Amino acid sequence: MRQIPLFPLRVALFPGVTLPLRIFEQRYLRLVSESLRSEEGFGVVLIRDGSEVGRASVWPVGLQVHIVDWSQGAEGLLHVDVAGGRRFRIVSTTLADDDLLMAEVEWLPDTGVKPVPAECDGLLAVLKELKSHASMMSLHFAPVDSADALSWQLAQLLPLDDAVRVELLATQDPLVRLAHIADNLDRWASQ
């Protein structure tokens, strides 16, 4: 187990996806500064209750991220691009003096790389359609080269409930994730 600082968000983030963040709170400026200095990254977790500004309760599964780019915005905000990496489960949390949420985490194991099954052609088409929307341009995706990549990118882009997103993040087998996503798509189509 290891202790890491957490950045709670209203947006879920999945492995292999790059997300832009705007930083203005002092505690998160410290988090970014220490992360850049140590090159160890920090945790991103989905907010269960509360808001991004102030205190929030979070879901128990998150993602370690690394800063891949940063710049100072004209409005005084720090712009940071983070890339999703390893998944973790929160064992316990504490608050630092500046209200930065710290967590003792255990890393979730990764399965070996599995190819995209032939029966996922429909999911690949859905992903291609989702990526073509202008609102997705701020997210950066690597090419889909595995079942993992396909499941993570679909989980990032589909309008899933937060509980479903957390369940997908906690699921180890990418084929199980893809089946769960396909089931949700079928349910939406029938509504």
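Quick notes on this one:
- Filter pass, Ala189 being modelled with pLDDT under 90, touching a Gly at 6+ places or on another chain (Cβ under 6 Å) and open to solvent by 30 Å² or more (accessible area, probe 1.4 Å): no
- Residue count, the range 1-30 (criterion: open to solvent by less than 30 Å² (accessible area, probe 1.4 Å) and farther than 15 Å from Asp69 by Cα): 12
- Close pairs (6 angstrom Cβ cut-off, 6 or more residues apart or separate chains): in contact (Cβ under 8 Å) with a residue 60 or more places away in the chain in the range 157-179, hydroxyl-bearing (Ser, Thr, Tyr) anywhere: Gln172/Thr111; Asp173/Thr111; Pro174/Ser151; Leu178/Ser151
- Among the residues of the range 18-39, those that are over 18 Å from Ala83 (Cβ atoms) and assigned to a loop (DSSP other than H, G, I, E, B) comprise Phe24, Glu25.
- The residues in the range 94-133 that are in contact with a Phe, Trp or Tyr (Cβ under 7 Å, 6 or more places away or on another chain) and in a loop (DSSP other than H, G, I, E, B) can be counted, and the count is 1.
The values are calculated or read from the model by the stated rules, or taken from the named source; none is laboratory data. Being a predicted model, the structure only gives us computed values, none of them experimental. Don't worry about glycine lacking a Cβ; one is built from the backbone with ideal geometry, like all the others, and counts go over all protein chains shown. Note: areas computed on protein heavy atoms with side chains; ligands, DNA, RNA excluded. Shrake-Rupley method; radii C 1.70, N 1.55, O 1.52, S 1.80 Å.
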